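Notes follow once the structure below has been shown.
The values are calculated or read from the model by the stated rules, or taken from the named source; none is laboratory data. Predicted model only: the values in this text are computed from it and were never measured. Cβ sites come from the backbone with ideal geometry, for glycine too, and all protein chains shown count toward neighbours.
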Amino acid sequence: MKAIETKELTYKYSVGTPFETTAIDNISFSVEKGDFVGIIGHTGSGKSTLMQHLNGLLKQTHGDVIINERNIWSKDVNIKEIRFEVGLVFQYSEHQLFEETVFKDIAFGPKNMELSEGEIKTRVLEASNAMGIREEWLSRSPFDLSGGQKRRVALAGVIAMRPKILILDEPAAGLDPHGRSTVFKRINDYHKSSDTTVLLVSHSMEDIVRYAEKVLVMNKGRIYCFEKTENVFSHYAGIEKIGLDLPQITRVAQKLKECGVDVGDDVYTPEKMAQRIFERLKNEP
């Protein structure tokens, strides 16, 4: 079943003025329910603009957005329900924290869904557990927490609404390596346990290849390619040509190939590199 589908999606800023600009141009793609998709592209490629169409924050100039087989701008579709169904976590999401306690911040979304107090508490505890938020933190001010902890509180606030689709725009931006690792592990564990469809926007190729099953590459408002992760980075020459960095381990594989040791063009994680080297050593006479 398709969780997300766009058809000829186009969005223009400042239409009818001298500043008219096409941000995304004729984009058609689909994502299956439960997929974990990475979205990459240089600054200004249209990644964030595309994501904001998927829960109706922006309305397209042309084309269609279909979420769980419903065109979100049809007259019989409640756009508010779509926004509960498609959770969007912005970059530096901790800037959206504002309540007196961590509990109240996480509960904000479920309250807007007009759920009972008992159901709200259940969802807050469930989301807190998913994001590794200790129960004793719930009574504290979110502003007393570290940067990584605040980020997880912001994520929990979206997860507490139990979205069927979770869109993450640079969810670990600005965090130290430990905080970054913790956030991504929690997101990955949540994806596996909930079967939520996840779209991850990131500039970090290492993060994308470690967690995403498929990768959508954007360039100048269009889709450059959308394939399984292992296939995307086999096109390394084209990826570099449009101004994107390759995973460091892919660069190592290129250097080895230049030295006469071909481990393949589809190496994009240290684990895969180790496997290929082991296979070569095992086959050596």
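When segment 151-184 is filtered for residues that are within 18 Å of VAL209 (Cβ to Cβ) and not in a helix (DSSP H, G or I), the ones remaining, listed by number, are LEU168, GLU170, PRO171, ALA172, ALA173.
Closer than 28 Å to VAL267 by Cβ, modelled with pLDDT under 95, in a helix (DSSP H, G or I) and out of contact with any Cys (no Cβ under 6 Å at 6 or more places or on another chain): is that true of LYS192 in this structure? Taking the combined requirement at face value, the residue satisfies it. If you go through segment 230-263 and keep only what is buried (at least 21 other Cβ atoms within 10 Å of the Cβ) and either charged (D, E, K, R) or under 18 Å from HIS42 (Cα atoms) (or both), you end up with VAL232, PHE233, ILE239, PRO247. Out of LYS12, LYS75, LYS80, one residue alone is in a loop (DSSP other than H, G, I, E, B), surrounded by fewer than 17 Cβ atoms within 10 Å (Cβ to Cβ) and among the basic types (Lys, Arg). It is LYS75.
On the stretch given as segment 235-267, residues that are touching a Lys or Arg at 6+ places or on another chain (Cβ under 9 Å) and either polar (S, T, N, Q) or touching a residue at least 60 places away in the same chain (Cβ under 8 Å) (or both) total 1. Please find, within segment 220-275, the residue that is modelled with the lowest pLDDT out of those that are among the polar types (S, T, N, Q) and outside any helix (DSSP H, G or I). The qualifying residue modelled with the lowest pLDDT is SER234.
A search for C-beta distances below 9 Å between a residue of segment 111-131 that is at negative phi and any residue that is of a type in the set (Lys, Arg) and not in a helix (DSSP H, G or I), counting only pairs 6+ apart in sequence or on different chains, returns ARG123/ARG162; GLU126/ARG162; ALA127/ARG162; SER128/ARG134.
Check whether at least one residue in segment 183-190 is of a type in the set (Lys, Arg) and crowded, with 19+ Cβ neighbours inside 10 Å, and report yes or no. Taking every residue of segment 183-190 in turn, at least one turns out to be of a type in the set (Lys, Arg) and crowded, with 19+ Cβ neighbours inside 10 Å.
Considered as a group, the residues in segment 250-285 that are of a type in the set (A, V, I, L, M) and within 19 Å of VAL232 (Cα to Cα) include one that is nearest to the chain's Cα centre (by Cα), and that residue is VAL267.
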